[in-house]
Amino acid sequence: IWFALAVPAGLAVGSWLVWKAPGHAVIDGALALAFGLGLSWPAPSPGAPVAKHEVPRSIVFVVLDTTRADALGAYGAPAGQTPQLDALAAEGAVLEDVVSPSPWTAPSHASMFTGLYPRTHGVHNGGARHLDERFATTAERLAAAGYQTAAISSNSWLRVTRSLRGFEHFEEVNHLHRDKLILARLMRYSGIGWEQWIDRGAAEAETAIGDWLVGLDRERPFFLFLNLFEAHNPYLPPLRDRPAGPAAWLRGIRAMRSYHPVAWHTFEPREAWRRDTTRDLYAAGIRYQDRRVGRILDVIRERVDLDRALLVVTSDHGDNLGDGHRWGHNLALNEALVRVPFLLRAPGAFEPGERVAGSHQTIDVHATLLDWAGLDPSGTPSQSLLPGARHDRSVTFAEVYPELSMLSRADPRGSLTARDLDTPIWAARSDGHKLVVRRGDVRLFDLSADPQETRDVAAEQPERAAALRSELDRWLAEHPGPSPGLCQAPGPRPDPEALDPETRRQLEALGYL
């Protein structure tokens, strides 16, 4: 029945999509077959139970790429949005105020794996910078201490920037180049299909993690890292998670075909339906991601005694969804980008459902994991978040060095020019206020009264602005980095053409190149 219905529906919808995308030429009968099978194809059955790994001090570290703090129920999202992550928060601790030092993937992950700010480790512009080998990564430290290490990543930047050094096992599970195939492209945009076709790597990650855990040495602890990409733009979640109804479905396809995070950042679309639909699709991706997190944790629990392991779940950065008329990430340091969720579950370390106040940074992941493993975490600005070692930060910092190649994608109708964006941005955040400095322009925002950061109060609170500027100047001096006023950090810059074709296609699909 499904197949009989899908044949005419698939041909009609596919023809309409190709008419809207003239760069793609022909849809044949396989389209209808793909749609028909996609509606009814069974999900893979779980593998047979295996003996659990019970060595203490193991670590599971999950990064929910591009997930805002307020996307989780534990941080105020509507009930039912993230039930799996909310259940995890109820079992462990929720850190209420955690700041990423960067608003995008490459520098943020490098900071989590080294305990250093981007200014120091040098990963500023993704493909333009590799993590220097003189900086030891968390995985290298743990591997040297006898840990079995594995990284399952949906984001190509981690491989490109070499931030995953020290992982003995590595798999990249998100392959956006499939969008070059008309069938895969249509299934992703429409949301119709079995989940392996339309997710962003989480389904493959589930299988990859199960396979790796089966082969563990039962006498040694392990460190498992997972990057999930389901919340990243373009927002293409499965149909079951999207707003219901044919009209909403078609709006979603049209919105994502016109969406570009850099262009929208500089020129917000006038149509309210595009803005609302984009927000709805982001929320749908969060729901799908949450469901996958639950399934992945179930796979891990089948093979691992999580009551003897440290589980950390956070994000590398958030995403603007019209906040302050901004969209996407990379080109700002507002709260929607730098404030991220952070959940900690460690046996005996926290009370169930504990809320941890105070401010912290995601660079603290490095020291936290080493501290859990019994290794010395000193030598970096990173601080352990485990009880007894945790210290609140009086000031948190963030920075971004825009990628010049991205600025060519800015909408020329917008109020910002490439020159406005071609400069570092620094931010210092303390006691509910944030100071943002760009090309000599200094602005102060009262985050409690103005969470969208639209009103500069530096002239009204000069003493507070001066105090935060002093803290920022001290931080810049203590953490040497690129020369002020220069977007690009010093040093050799690899030719983007040197990227392998698959990686280049994936980064182009995301608007980075």
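The values are calculated or read from the model by the stated rules, or taken from the named source; none is laboratory data. Bear in mind the structure is a predicted one, so any value in this text is a computation, not a measurement. Note that we place each Cβ from the backbone using ideal geometry, even for glycine, and neighbour counts take in every protein chain shown. Accessible surface is based on the protein model in full, side chains and every heavy atom, while ligands, DNA and RNA are left aside. Shrake-Rupley method; radii C 1.70, N 1.55, O 1.52, S 1.80 Å.
If you scan region 409-425, which residues turn out to be open to solvent by less than 80 Å² (accessible area, probe 1.4 Å) and either more than 26 Å from the chain's Cα centre (by Cα) or modelled with pLDDT of 95 or more (or both)?
Across region 409-425, the qualifying residues are Gly414, Thr417.
Can you name every residue in region 337-361 that is over 30 Å from Gln452 (Cβ atoms) and among the aromatic types (Phe, Trp, Tyr)?
Passing the criteria: only Phe350.
Sort out which residues of region 129-143 are among the aliphatic types (A, V, I, L, M) and either closer than 23 Å to Val400 by Cα or part of a loop (DSSP other than H, G, I, E, B) (or both), and write them in order of number.
Leu131, Ala136
Restricting attention to region 318-331, and to residues there that are assigned to a loop (DSSP other than H, G, I, E, B) and over 23 Å from Leu369 (Cα atoms), which single residue is most open to solvent (accessible area, probe 1.4 Å)?
Here the residue is Arg326.
With respect to Arg240, is the statement that it is out of contact with any Ser or Thr (no Cβ under 7 Å at 6 or more places or on another chain) and part of a helix (DSSP H, G or I) true?
Yes.
Between residues in region 157-171 that are within 19 Å of Tyr147 (Cβ to Cβ) and residues that are in a loop (DSSP other than H, G, I, E, B) and among the charged types (D, E, K, R), which pairs lie under 8 Å by C-beta distance while being six or more apart or on different chains?
Arg165/Glu133
Does region 297-317 hold any residues that are more than 20 Å from Ala93 (Cα to Cα) and either assigned to a strand (DSSP E or B) or in contact with an Asp or Glu (Cβ under 8 Å, 6 or more places away or on another chain) (or both), and which are they?
Scanning region 297-317 gives Val299, Val304.
Kindly establish whether Met187 is in a helix (DSSP H, G or I), modelled with pLDDT of 90 or more and either crowded, with 16+ Cβ neighbours inside 10 Å or not small (Gly, Ala, Ser) (or both).
no
Tally up the residues in region 206-228 that are open to solvent by less than 10 Å² (accessible area, probe 1.4 Å) and in contact with a Lys or Arg (Cβ under 8 Å, 6 or more places away or on another chain), please.
3
Scan region 274-293 and give yes if some residue there is touching a Gly at 6+ places or on another chain (Cβ under 7 Å) and open to solvent by less than 10 Å² (accessible area, probe 1.4 Å), otherwise no.
yes
Which of the residues belonging to region 381-398 are open to solvent by 40 Å² or more (accessible area, probe 1.4 Å) and either more than 23 Å from the chain's Cα centre (by Cα) or touching a residue at least 40 places away in the same chain (Cβ under 8 Å) (or both)?
Once the filter is applied, which keeps residues that are open to solvent by 40 Å² or more (accessible area, probe 1.4 Å) and either more than 23 Å from the chain's Cα centre (by Cα) or touching a residue at least 40 places away in the same chain (Cβ under 8 Å) (or both), region 381-398 yields Pro387, Gly388, Arg390, His391, Asp392, Ser394.
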